[in-house]
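Here the structure is laid out as structure tokens; the discussion comes afterwards.
Where a number appears in this text, it was derived from the coordinates with a stated rule and is not lab data. Please read these numbers as outputs of a predicted model, since none were measured by experiment. Reconstructed Cβ throughout: ideal geometry from the backbone, glycine too, with neighbour counts over all protein chains shown.
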Amino acid sequence: MRIRVMIAEDEHLAREELAYLLQQENDVELLPFASNGRELLRLVEEHQPDVVFLDIKMPEMEGVQAARMLSSRKQQPLIVFSTAYEDYALEAFKLNAVDYLLKPTEPHRLQETLQRIRKRFTDGSASTAKVSKLLIEENNRFVVIEPSSIMYAVRDDRVVQIYTKGDSYTARMTLQQLEEKLQSHSFFRTHKSYLVNLQYVSELVPWFNGAYNIIMKGPKRIQLPVSRSYAKDLIKRLEG
């Protein structure tokens, strides 16, 4: 398959260097360049790239902010950060970037990155690549959570409360962003404010006016709401 790649880089020499290396690959198709974050968002909507090589330091909108906005898209491209700064690696991991390249780009490191990208597409849709760990920022620290340990999450104003079998966490993200990160796992939006791991559902109990309550597994038998608009699809999911 052809991998459609967009480079977002404001430095001309760095952009040309990366473009030259990518042009040597038979399965890579280069799309128009973006020189700043706002231009990138516009060009992504227009050209729908598979992969974006994204400089972290750019004018108008920095790469990290642009990556956050891209991560909220239904069809989000894979992100590879390209930067002269080493101290953004954790931020790249947090945003589920495929890789983190230091400038100037070394050909052997680019080859490693391209192999990772190809593997994503070989294994399945890039947008549904399975997240093995969830990294969230809470109280000026980063916490790593196993997605399978999450029972449910609740939107709470501008944050999301995540409940596992033994703990709870406050994540500075939207419920939609969390849903996107966990889309390859068994999570389902039961309500505009609730995201539930179906592995922990014990019962589905009719409530009123077409709505339901979910009873979660465990001694507390936690009840969570299911909106009427989500109920039909939820029953189909539970039936397999």
### Task
Within segment 195-211, identify whether any single residue is part of a strand (DSSP E or B), farther than 23 Å from Q65 by Cα and under 15 Å from the mean Cα position of the chain (by Cα), and answer yes or no.
no
### Query
Can you pull out the residues in segment 132-159 that are in contact with a helix residue (DSSP H, G or I) (Cβ under 9 Å, 6 or more places away or on another chain) and farther than 18 Å from L198 by Cβ?
S132, K133, L135, I136, E137, F142, R155
### Query
Yes or no: K192 of a type in the set (D, E, K, R), surrounded by fewer than 19 Cβ atoms within 10 Å (Cβ to Cβ) and more than 29 Å from P77 (Cα to Cα)?
no
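Would you kindly identify the helices (runs of 4 or more DSSP H) lying entirely within segment 1-82 that contain at least 2 residues that are among the acidic types (D, E) and without any contact (Cβ under 8 Å) to a residue 40 or more places away in the chain? Full working, then the answer.
Numbers: elements: 12-23, 37-47, 63-71.
The helices (runs of 4 or more DSSP H) meeting that bar are 37-47.
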